[in-house]
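**Student:** Please see the structure below; I have some questions.
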């Protein structure tokens, strides 16, 4: 997490081969400007369900997206080399035709042992234990199944980074 103009930012890398899914990430992580109606609904939801949450002082997200695992590894390596590593990397498990998200996560973990890695999958053919074995340590590894709430994922990312 870094601060710019008194605003906290969480730096995120997202890799998914589905452009529609990437659009959902853009909306959930605030890359698109919220309409006044959506902002009012979010404020009302926070007031009703989580009154301690201060919407105005929540961190913002600095997000980079790509659609292949190879690209994610290159982007993560460049960010690390520039001294501006990602706080969180979110990877789709399957991203044909290149390397899958698991291999990308393994390579990124070797570059940056401290990054939180989140795997997202619509399939259940890879057990979490296999992910833990291939992309240790398990304390910095997370797994979510599709379909998922991208808004909830954004909230979970804030928690991951703040408790890191």
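The values are calculated or read from the model by the stated rules, or taken from the named source; none is laboratory data. Worth saying up front: this structure is predicted, and the values here are computed from it rather than measured. Ideal geometry is used to build each Cβ from the backbone, glycine not excepted, and the neighbour counts take in all protein chains shown.
**Student:** Across the stretch 70-87, what is the total count of residues that are under 17 Å from residue 2 (Cα atoms), surrounded by 15 or more Cβ atoms within 10 Å (Cβ to Cβ) and out of contact with any strand residue (DSSP E or B) (no Cβ under 7 Å at 6 or more places or on another chain)?
**Tutor:** Of the residues in that region, 3 qualify.
**Student:** Which of the numbered conditions does residue 99 fail, given that it passes all the others? Conditions: (1) more than 17 Å from residue 144 (Cα to Cα); (2) in a helix (DSSP H, G or I).
**Tutor:** Unmet for residue 99, out of (1) more than 17 Å from residue 144 (Cα to Cα); (2) in a helix (DSSP H, G or I): (2).
**Student:** Given the structure, is residue 110 free of Cβ contacts under 8 Å to residues at least 24 places away in the same chain and closer than 22 Å to residue 18 by Cβ? Can you show your working first?
**Tutor:** Working: free of Cβ contacts under 8 Å to residues at least 24 places away in the same chain: yes; closer than 22 Å to residue 18 by Cβ: no.
No, not satisfied.
**Student:** Right, something else. Residues being free of Cβ contacts under 8 Å to residues at least 24 places away in the same chain and either within 13 Å of the chain's Cα centre (by Cα) or outside any strand (DSSP E or B) (or both): count how many of those fall in the stretch 1-19.
**Tutor:** So the answer is 2.
**Student:** Among the residues of the stretch 20-46, which ones are surrounded by 10 or more Cβ atoms within 10 Å (Cβ to Cβ), modelled with pLDDT of 70 or more and not in a loop (DSSP other than H, G, I, E, B)? Can you show your working first?
**Tutor:** The initial filter retains those residues of the stretch 20-46 that are surrounded by 10 or more Cβ atoms within 10 Å (Cβ to Cβ), namely 21-32, 34, 38-46.
Okay, now just the ones that are also modelled with pLDDT of 70 or more, so 21-30.
Selection gives 21, 22, 23, 24, 25, 26, 27, 28.
**Student:** I need a count of the residues in the stretch 126-147 that are touching a strand residue (DSSP E or B) at 6+ places or on another chain (Cβ under 7 Å) and part of a loop (DSSP other than H, G, I, E, B). Please lay out each step first, then the result.
**Tutor:** Step one: filter the stretch 126-147 for residues touching a strand residue (DSSP E or B) at 6+ places or on another chain (Cβ under 7 Å), giving 128, 131-132, 135, 140-146.
Checking the rest, the ones that are also part of a loop (DSSP other than H, G, I, E, B) come to 135, 146.
Residues that pass the stated criteria total 2.
**Student:** Then there's this: Return the residues of the stretch 106-125 that are loosely packed, with under 15 Cβ neighbours inside 10 Å, at pLDDT 90 or above and either under 14 Å from the mean Cα position of the chain (by Cα) or not in a helix (DSSP H, G or I) (or both); say none if nothing qualifies.
**Tutor:** 113, 114
**Student:** Of everything in the stretch 131-149, what is buried (at least 17 other Cβ atoms within 10 Å of the Cβ) and either closer than 16 Å to residue 61 by Cα or modelled with pLDDT of 90 or more (or both)? Give them in sequence order. Before you say what the answer is, go through the steps one by one.
**Tutor:** Step one: list which residues in the stretch 131-149 are buried (at least 17 other Cβ atoms within 10 Å of the Cβ), which gives 131, 135, 140-142.
Within the stretch 131-149, 135, 140, 141, 142 qualify.
**Student:** In the stretch 89-96, is there at least one residue being surrounded by fewer than 18 Cβ atoms within 10 Å (Cβ to Cβ) and either under 17 Å from residue 12 (Cα atoms) or free of Cβ contacts under 8 Å to residues at least 40 places away in the same chain (or both)?
**Tutor:** Among the residues of the stretch 89-96, not one is surrounded by fewer than 18 Cβ atoms within 10 Å (Cβ to Cβ) and either under 17 Å from residue 12 (Cα atoms) or free of Cβ contacts under 8 Å to residues at least 40 places away in the same chain (or both), which makes the answer no.
**Student:** For residue 83, are the conditions met, namely being at pLDDT 90 or above, under 16 Å from the mean Cα position of the chain (by Cα) and outside any strand (DSSP E or B)? Full working, then the answer.
**Tutor:** Values: at pLDDT 90 or above: yes; under 16 Å from the mean Cα position of the chain (by Cα): no; outside any strand (DSSP E or B): yes.
Answer is no for this residue.
**Student:** Further question on the same structure: Applying the selection to the stretch 148-161, what residues are out of contact with any helix residue (DSSP H, G or I) (no Cβ under 8 Å at 6 or more places or on another chain), touching a residue at least 12 places away in the same chain (Cβ under 8 Å) and part of a helix (DSSP H, G or I)?
**Tutor:** 156, 157, 158, 160, 161
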